[in-house]
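The values are calculated or read from the model by the stated rules, or taken from the named source; none is laboratory data. Note that the structure is predicted; figures quoted are calculated from it, not measured. Methodologically, a virtual Cβ is constructed for each residue, glycine included, from the backbone with ideal geometry; neighbour enumeration extends over all protein chains shown. Remember, those area values only see protein heavy atoms, side chains included, never the ligands or the DNA or RNA. Shrake-Rupley method; radii C 1.70, N 1.55, O 1.52, S 1.80 Å.
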Amino acid sequence: MTALGKLVRTTAFKLTLVYLTVFALFAVLLLGYFAWNTRRLITEQITETVDAEITGLSEQYRTGGIRRLVLIVDNRSRRPGSSLYLVTTASGEGLAGNVGSLAPGVLDKAGWTETAYRRLDESEDAEHEALARVFQLPGGFRLLVGRDLEERQRLQDIIVSAGRWSIAIVVVLGLSGGFFVTRRVLTRIDAMTGTTQRIMTGDLTGRLPIAGTGDEIDRLAGNLNTMLERIEALMHGLKEVSDNIAHDLKTPLTRLRNRCEEALRTARTEAEYRSALESTIEESDRLIQTFNALLMIARTESGQGREEMTEFDAAEIARDVGELYEPLADENGLSLKIEAPAPARLTGNRDLVSQALANLVDNAIKYAKYAPPDAHGAANGEIVVAARGEGDGIELAVSDHGPGIPLGDRGRVVERFVRLEKSRSEPGSGLGLSLAAAVAHLHGGELTFEDNAPGLRAVITLPRSGPQPAPPLAP
């Protein structure tokens, strides 16, 4: 397709043609109305003037007879101008006036008429148009008074000529402006098309160009760029998860296979086979838990939990989770304290919020046992689970006095399968904080980490009213 053909087929150029056609029709109608109204006003002015002259001349005839009328008409006929006068007998013989000839039958009937005429002082082939009135005088005489229409025709020609030039200029300027605007829009669309083609080949780093004018194309490009950033982040996350799964699940699968080979090679008794099977089942259960955690994170990040959101009390969840983990804390020589003095109601997915809080408590129990003694040398293994309302939000916090998380690693620990060096010896898959962060994001909140001096304070902040719907695109 040629560049011109491509330009003509654009929506912008078609809209320009539509607007140009509408404007041209409007201009034609406006000029036509102006020309018609001008013609009407001139005609009315002529008829009023002629009527007044006929009234005066007939009055002169009534008072002075035909001789007086002929003298007056003869005197007026000698004046320069566009006025026409003619007095004839009943048989049509001219007595006075400046009209040399008329169209046949004009004098036969009284009233107004537009007729061709020739003046007395003009050649035989001269011809003009006039608007005249024939008046029947007493005694059979006829009086014709009129005006030449050359001025009216000249004015009409001027209007028509001006209208033609105006429409021609409008069409030329409209087409030029249409080509300019269409070319500008097409250039931007071509740039966007090139970017999308590059994206389709797999380069998700491409972004649609923004001209900075703030028009609808810029707004569309901005929204698409935001969508592309989200898609790129999801694809990067998918690749990272795939790499992490391949890396982090390789070790337990290898360990599982080695145990099975060892059992086949060394086991001799039923008890040895049973022990090998039990350890294999235990390792398989851990793998299943890992996959379940991954599946829950994926479902949470896709927003599937929003359909099951109800109103519940976060303080009650804090008490339930604390009661559930209190025996485990006792086994590890830790004390677990609940601080939920007042109801803290919010709208959300109760099960997911419970799971997120449970993950934070489970992490705290794992690392609080490494807490250094306090200033008096006593054990400092206290874990505090708190739930309280903070304005329009709810805060769920788990505090411990363990080794904590270095400030530079706090943004990284919420990624899947990330485990710091201090936690390598502890059981787990590195997915607990990822799930907690996903649950907070699903509810329109966030997971943050604070220094507990010493230790860590993990805080989930959630809005009371639940997640807000996505805003519509700007018009």
(message) Can you confirm whether Phe13 is touching a helix residue (DSSP H, G or I) at 6+ places or on another chain (Cβ under 8 Å), assigned to a helix (DSSP H, G or I), open to solvent by 60 Å² or more (accessible area, probe 1.4 Å) and in contact (Cβ under 8 Å) with a residue 12 or more places away in the chain?
(response) no
(request) Collect the residues in the stretch 74-96 that are more than 22 Å from Glu150 (Cα to Cα) and either open to solvent by less than 30 Å² (accessible area, probe 1.4 Å) or among the small types (Gly, Ala, Ser) (or both), keeping them in residue-number order. (result) Val87, Thr88, Thr89, Ala90, Ser91, Gly92, Gly94, Ala96
(message) For the stretch 138-167, give me each residue that is touching a Lys or Arg at 6+ places or on another chain (Cβ under 9 Å), hydrophobic (A, V, I, L, M, F, W, C) and open to solvent by 60 Å² or more (accessible area, probe 1.4 Å).
(response) Leu155
(message) Looking at the stretch 184-213, I want the residues that are within 19 Å of Phe13 (Cβ to Cβ) and have a partner that is open to solvent by 70 Å² or more (accessible area, probe 1.4 Å) with Cβ atoms under 8 Å, at least 6 apart or on another chain. Which pairs are those?
(response) Leu186/Lys6
(request) Consider only pairs whose beta carbons are under 7 Å apart and that are at least six residues apart or on different chains; among these, list those whose first residue lies in the stretch 329-343 and is in contact (Cβ under 8 Å) with a residue 40 or more places away in the chain and whose second residue is basic (Lys, Arg) and assigned to a helix (DSSP H, G or I). (result) Ile338/Arg319; Ala340/Arg319
(request) For Trp36, work out the one condition from (1) out of contact with any helix residue (DSSP H, G or I) (no Cβ under 6 Å at 6 or more places or on another chain); (2) open to solvent by less than 90 Å² (accessible area, probe 1.4 Å); (3) in a helix (DSSP H, G or I) it doesn't fulfil. (result) (2)
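From the residues in the stretch 108-117 that are open to solvent by 30 Å² or more (accessible area, probe 1.4 Å) and within 19 Å of Ile46 (Cα to Cα), which one is nearest to the chain's Cα centre (by Cα)? If you could, list the steps in order and put the result at the bottom.
Initially, the stretch 108-117 is screened for residues open to solvent by 30 Å² or more (accessible area, probe 1.4 Å), giving 108-110, 112-114.
So of that shortlist, the ones also within 19 Å of Ile46 (Cα to Cα) come out as 110, 112-114.
Details: Ala110: 71, Trp112: 64, Thr113: 64, Glu114: 62 Å.
Within the stretch 108-117, the match that is nearest to the chain's Cα centre (by Cα) is Glu114.
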(request) Specify the residue that is farthest from Ala233 (Cα to Cα); the eligible residues are those in the stretch 171-221 that are open to solvent by 50 Å² or more (accessible area, probe 1.4 Å) and among the polar types (S, T, N, Q). (result) Ser176
(message) So Val99 passes all but one of these: (1) under 30 Å from Phe13 (Cα atoms); (2) surrounded by 12 or more Cβ atoms within 10 Å (Cβ to Cβ). Which condition number does it fail?
(response) (1)
(message) Given the criterion under 18 Å from Ala356 (Cβ atoms) and modelled with pLDDT of 70 or more, identify the matching residue among Glu316, Glu272.
(response) Glu316
(message) Considering only the stretch 251-262, I want to know if a residue exists there that is open to solvent by less than 60 Å² (accessible area, probe 1.4 Å), at pLDDT below 80 and not basic (Lys, Arg).
(response) yes
(request) Could you give me the residue pairs with C-beta distances under 6 Å whose first residue belongs to the stretch 121-149 and is closer than 13 Å to Val73 by Cβ, whose second residue is in a loop (DSSP other than H, G, I, E, B) and modelled with pLDDT of 85 or more wherever it lies, and which are 6+ apart or on separate chains? (result) Leu143/Leu137
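Hey, among the residues in the stretch 274-290 that are among the hydrophobic types (A, V, I, L, M, F, W, C) and loosely packed, with under 13 Cβ neighbours inside 10 Å, which one's nearest to His441 (Cα to Cα)?
Taking the stretch 274-290 and keeping what is among the hydrophobic types (A, V, I, L, M, F, W, C), we get 276-277, 281, 287-288.
Narrowing further to those that are loosely packed, with under 13 Cβ neighbours inside 10 Å: 281, 288.
Details: Ile281: 34, Ile288: 25 Å.
Ranking the qualifying residues of the stretch 274-290, first place goes to Ile288.
Given the condition in a loop (DSSP other than H, G, I, E, B), open to solvent by 40 Å² or more (accessible area, probe 1.4 Å) and at pLDDT 85 or above, answer yes or no: does some residue in the stretch 428-447 qualify? Before you say what the answer is, go through the steps one by one.
Start the filter on the stretch 428-447 by keeping residues that are in a loop (DSSP other than H, G, I, E, B), which leaves 428-431, 443-445.
Applying the additional criterion that residues be open to solvent by 40 Å² or more (accessible area, probe 1.4 Å) yields 428, 444.
Going one step further and asking which of them are at pLDDT 85 or above, we end up with 444.
Checking the stretch 428-447: at least one residue is in a loop (DSSP other than H, G, I, E, B), open to solvent by 40 Å² or more (accessible area, probe 1.4 Å) and at pLDDT 85 or above.
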(request) Looking only at the stretch 309-328, decide whether some residue is open to solvent by 50 Å² or more (accessible area, probe 1.4 Å) and under 30 Å from Lys239 (Cβ atoms). (result) no
